[in-house]
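A quick write-up on the structure given underneath.
The values are calculated or read from the model by the stated rules, or taken from the named source; none is laboratory data. Quantities reported herein were computed from a predicted structural model and do not represent experimental measurements. Virtual Cβ from ideal backbone geometry, glycine too; neighbours counted across all protein chains shown. The area values use the complete protein model at the heavy-atom level, side chains included, leaving out ligands, DNA and RNA. Shrake-Rupley method; radii C 1.70, N 1.55, O 1.52, S 1.80 Å.
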Amino acid sequence: MNIKLSEQSKPLVSVIIPAYNAARTICTTINSVLNQTYKNLEVIVVDDGSRDQTAKLVQEIAQQDERVVLIKQANAGVAKARNKGIEESQGEYVAPIDADDIWFPDKIELQVQCMLSSPASVGLVYTWSVCIDYQGKIFGKYLADVYQKKHSLTGCILPALAYTNFLNNASLPLIRRSCFAKIGGYDPQLKQQQAQGCEDLDLYLRIAEYYEFQVVPKFLMGYRQEINSMSRNCAAMAKSYSLVITKLRSRCQELPDYLFRWSESCFYNYLMCQNLGSGNHWKSIYWIYQVLKVDWAIILHPGIYKILFICTLKILAQPVTSLIWQDHQAWIEFKAKFGIERQEYANLSDLQQTLKRRKTLLRRPYDYILWYRWNRVFKLCQKSSIQLEPRQADYLVQAKN
């Protein structure tokens, strides 16, 4: 159901952008926000002690559009920056976005419509994202049934989110402000423990303990993939993940142990892919070993053997390849120029057409293992929805009082 509102009656959405040394991308990010078809926005940029021209660039935009507000603070980490922005904001809904990501024009409008059409038990509306490179080009592999099932979960999704962070990044959600009053903000202690990287996952998990999720099943956000981004700092992310999951296990002891074992396997596999993408082949092998320690089923995945072969070959060839390409970024640019090992799309329409033609085929034993695990997770979500209702009821009574 689409709810049409006049401009005066549309709820205010607070867009929160933490920024640290983001001069190269911050203008593109802010412009993607200001170009939203939904206009009732306030855009709060929290400069987290940047040493480049970030603050200056934001101030120039703020002088042209009164919806943009710049807040400066000493470097304290992404969690404190986001929390500061939320504290200073006024909107009924909060929409975070990182300083190097982009939104496509109708993201917020479609998410607000979804939120207004949903009951108060829904605390977060997410959408789908595409990977973009440093030039803003869309790339990656996208399978129709993966997005229609695993990336379109609604209702109680806590077990699925514990299994794997299918939201993928921090720039997707639209969140009710009341959620923060209930569960608090982003956790700044992760920064203090040298464990940045999973602040968004931690927040999503805490919201999922009390609220249902909804989805707008469209690609509405561009997630920039760069070698030097925070998501490539795998050691910190591994520690961050461990701390977040340990806290979740203590809070939600009804979740089974096998779910966390599968989760650990998924996350280590993700770190392996991140290292592979950044050209750190020794670390890629290390994370494959970590996966094997918790999940022997990975030996049934033939792709692992291919990755091991490629990593070994590139480690041996590194003395020669370093004479041709200065660093891994140069190699990535070379491959992108000739379209080697990368699927690119001209625009979102091109991607949507490709998505319709692509489906996952269960061909290998490991595919059936993943299919089995996801079915178990779906059943856990159905079971957990019964346990979620009392938590929601308690909270709604408290809210009325």
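The alpha carbon gyration tensor of the stretch 70-112 gives principal lengths a ≥ b ≥ c with a/c of 1.5 or higher and a/b no greater than b/c, which makes the shape oblate. Our estimate of slack between I299 and E92, defined as 0.36 nm per intervening residue step minus the Cα-Cα distance, is 69.7 nm. Annotation note: trypsin sites (Lys or Arg not before Pro) in the stretch 5-88 located in DSSP loop regions with a Cβ neighbour count of at most 14 within 10 Å are K39, R51. For the stretch 19-30, putting each phi into the Karplus relation 6.51 cos²θ - 1.76 cosθ + 1.60 with θ = phi - 60° gives couplings of 9, 9, 6, 10, 4, 6, 10, 4, 5, 4, 5, 4 Hz, in residue order, rounded to whole numbers and with x for Gly and Pro. Principal axis analysis of the Cα atoms in the chain yields extents of 63, 51, 45 Å, listed in decreasing size.
The 3J(HN,Hα) values that the Karplus relation (6.51, -1.76, 1.60; θ = phi - 60°) gives for the stretch 173-184 are, in residue order, x, 10, 10, 5, 4, 4, 4, 5, 5, 7, 10, x Hz. Gly and Pro appear as x.
Across the chain, Cα pairs under 8 Å and at least six residues apart give a relative contact order of 17 percent. The fraction of Cα-Cα pairs per 5 angstrom bin, counted from 0 for the stretch 53-171, comes to 2, 7, 14, 18, 21, 17, 10, 7, 2, 0 percent, rounded to whole percents.
Apply the a/c threshold of 1.5 to the C-alpha gyration tensor of the stretch 232-309 and tell me whether it is rounded, prolate or oblate. Here the stretch 232-309 falls in the oblate category. Peptide packing: for 113-119, 245-251, 346-352, the average count of neighbouring Cβ atoms within 10 Å per residue gives the ranking 113-119, 245-251, 346-352, highest mean first. Modelled this way, with points 7 Å down the Cα-to-C-beta line, the labels at S152 and L348 are 1.7 nm from one another.
For K218, nonlocal amide neighbours, meaning residues 5 or more places apart or on other chains whose placed amide H falls under 5 Å from its own, are W128.
How would you classify the stretch 128-220 from its alpha-carbon gyration tensor, with a ≥ b ≥ c the square roots of the eigenvalues: rounded for a/c under 1.5, else prolate if a/b is greater than b/c, otherwise oblate? Oblate. Taking θ as phi - 60° and the Karplus parameters 6.51, -1.76 and 1.60, the scalar couplings of the stretch 210-215 work out to 10, 10, 8, 10, 10, 9 Hz in sequence order, x denoting glycine and proline.
A simple spin-label model places pseudo-atoms 7 Å from Cα toward Cβ; at E66 and Q329 they are separated by 4.0 nm. Relative contact order for the stretch 171-323: 18 percent, from Cα pairs under 8 Å spaced at least 6 residues apart, divided by residue count. Past 27 Å, Cα to Cα, is the threshold; run K72/K283; K149/K182; K293/K383; K283/K335 against it and keep the listed order. In this structure, K72/K283; K149/K182; K293/K383 lie more than 27 Å apart at Cα. For the stretch 177-324, the convex hull drawn through the C-alpha positions has a volume of 164 cubic angstrom per residue. Placing a pseudo-label 7 Å from each Cα along the Cα-to-Cβ vector at S385 and R251 gives an inter-label distance of 2.2 nm. Other residues with beta-carbon under 12 Å from the beta-carbon of F166 carry, at +1 per Lys or Arg and -1 per Asp or Glu, a net charge of +2.
The C-alpha radius of gyration of the stretch 252-352, expressed as a fraction of 2.2 N^0.38 Å, stands at 1.35. Here the accessible area of the chain is 53 percent carbon and sulfur, with a 1.4 angstrom probe and all protein chains present. Solvent exposure of the chain, expressed per residue, is 49 Å² of accessible area, with all protein chains present and a 1.4 angstrom probe. On the basis of the beta-carbon distance and an R0 of 60 Å, A317 and A120 show a calculated FRET efficiency of 0.55.
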